[in-house]
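Each remark here refers to the structure printed beneath this line.
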Amino acid sequence: MKKIVAWKPLPEDVLAYLQQHAEVVQVDPAQHDAFVAALRDADGGIGASVKVTPAMLEGASRLKALSTISVGFDQFDVADLTRRGIVLAHTPDVLTESTADTVFSLILASARRVVELAEWVKAGQWRDSIGAAQFGVDVQGKTLGIVGLGRIGGAVARRAALGFNMKVLYTNRSANPQAEQAYGARRVELAELLASSDFVCLQVPLTAETRHMIGAAELRSMKKNAILINASRGATVDEQALIKALQDGTIHGAGLDVFDTEPLPADSLLLKLANVVALPHIGSATHETRHAMARNAAENLVAALDGTLTVNVVNRDVLGK
């Protein structure tokens with residue numbers, strides 16, 4: 001019987017589904033040696049939020065497939081997995097809408113200072129009619145620049161254009177004709193997007209090319225009243241440069257769901273800035289979506305072990321081997 005290692009707790013029905021197809025060994029990834037030993041004796045693995053290095057896979061000669069319960073796959077060395085002939089699957093579709101909701105909540109919360117003013121009220125500071133000191137900025141009718149117009153970026157563009165009458169600019173490796181036709185999105189170079197947008201939204205995977213793609217120079221090129229939104233990966237932004245830009249008023253504010261270090265350290269300067277909305281990486285964190293992601297990842301893994309998986313494959317070159 002095939003053996004699967006699960007390094008993340010799974011919903012009962014998803015675990016039962018996997019157990020219909022294989023023996024499932026549940027491990028705590030914090031117990032590193034036990035985790036590595038389990039991988040070396042497994043045909044497949046499923047989990048999330050844990051870095052799986054090439055060294056951890058040495059001797060895992062049975063391993064044929066890994067399935068991450070996420071759209072991102074930067075926790076894996078994809079080239080190494082491909083070299084070993086190990087399929088890597090992910091869940092790119094089921095989290096699109098819930099993550100786009102999170103992105104837009106950051107836009108609204110940052111613009112209208114929702115978190116800051118809610119805490120202000122709770123602290124008993126609302127003693128009279130509010131004045132300019134509590135005013136925010138409009139979202140409707142503004143310009144949204146989306147860096148990376150894939151599935152999630154497209155869902156954000158739909159909310160912006162159709163729900164808030166926003167002008168949408170985007171940068172992407174390739175054109176997105178559907179977004180251009182349906183939402184009036186216009187493809188521009190990054191420099192124009194940064195200079196023209198009231199809100200700059202990052203929706204790119206973390207790669208060597210996107211690491212710190214927004215640094216001091218890029219922040220200086222943005223409007224002084226612009227707000228940066230990042231719900232992609234923390235390292236796409238130079239965090240220290242962002243802190244300085246927020247302190248100096250180079251940009252107006254930031255809405256962040258991702259950070260260089262997660263959980264965000266309690267002494268981070270980002271938490272001391274009133275013009276920052278910081279969330280604990282909740283992009284897809286709804287009961288419905290997380291369950292759908294786990295189920296999708298499980299189905300991906302079963303199909304990969306059966307040799308029938310044709311979708312949601314990160315390293316498609318393996319399929320031809």
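Close Cβ contacts (under 8 Å, 6 or more residues apart or on different chains) running from residues in region 36-55 that are crowded, with 22+ Cβ neighbours inside 10 Å to residues that are in a loop (DSSP other than H, G, I, E, B) and of a type in the set (Val, Ile, Thr) comprise Ile46/Ile69; Gly47/Ile69. From the list Gln247, Gln203, Gln181, Gln240, the lone residue that is under 19 Å from Lys142 (Cβ atoms) and either at pLDDT 95 or above or crowded, with 16+ Cβ neighbours inside 10 Å (or both) is Gln203.
Residues that are hydroxyl-bearing (Ser, Thr, Tyr) and part of a loop (DSSP other than H, G, I, E, B) were ranked within region 44-69; the one that is nearest to Val311 (Cα to Cα) is Ser49. Considering region 19-35, and only residues there that are buried (at least 19 other Cβ atoms within 10 Å of the Cβ) and not in a loop (DSSP other than H, G, I, E, B), the residue that is nearest to the chain's Cα centre (by Cα) turns out to be Phe35. Being more than 27 Å from the chain's Cα centre (by Cα) and either outside any helix (DSSP H, G or I) or without any contact (Cβ under 8 Å) to a residue 24 or more places away in the chain (or both) is a property that Gly72 lacks. All conditions in (1) in contact with a Phe, Trp or Tyr (Cβ under 9 Å, 6 or more places away or on another chain); (2) farther than 21 Å from Ile46 by Cα hold for Ala298, with the sole exception of (2). In region 149-157, the count of residues that are of a type in the set (D, E, K, R) and over 20 Å from Leu190 (Cα atoms) is zero.
Taking region 144-178 as the range and being closer than 26 Å to Glu116 by Cα and surrounded by fewer than 18 Cβ atoms within 10 Å (Cβ to Cβ) as the test, the residues that pass are Gly163, Phe164, Asn165. The C-beta contact set for region 120-148 (first residue hydroxyl-bearing (Ser, Thr, Tyr), second residue in a loop (DSSP other than H, G, I, E, B) and surrounded by 11 or more Cβ atoms within 10 Å (Cβ to Cβ), distance under 8 angstrom, 6+ apart or interchain) comprises Thr143/Met166; Thr143/Ser197; Thr143/Asp198. Please go through region 215-245 and pick out each residue that is aliphatic (A, V, I, L, M) and in contact (Cβ under 8 Å) with a residue 40 or more places away in the chain. Residues satisfying the conditions are Ile227, Ile229, Ala231. Ile282 fulfils the conditions (1) in a strand (DSSP E or B); (2) of a type in the set (A, V, I, L, M); (3) surrounded by fewer than 20 Cβ atoms within 10 Å (Cβ to Cβ) except for a single criterion, (1). For Leu319, the conditions (1) aliphatic (A, V, I, L, M); (2) at pLDDT below 95; (3) part of a loop (DSSP other than H, G, I, E, B) are fulfilled apart from (3).
The values are calculated or read from the model by the stated rules, or taken from the named source; none is laboratory data. Since the model is a prediction, treat every value here as computed from it, not as a measurement. Cβ coordinates were reconstructed from backbone atoms using ideal geometry, including for glycine residues, and neighbour counts include every protein chain displayed.
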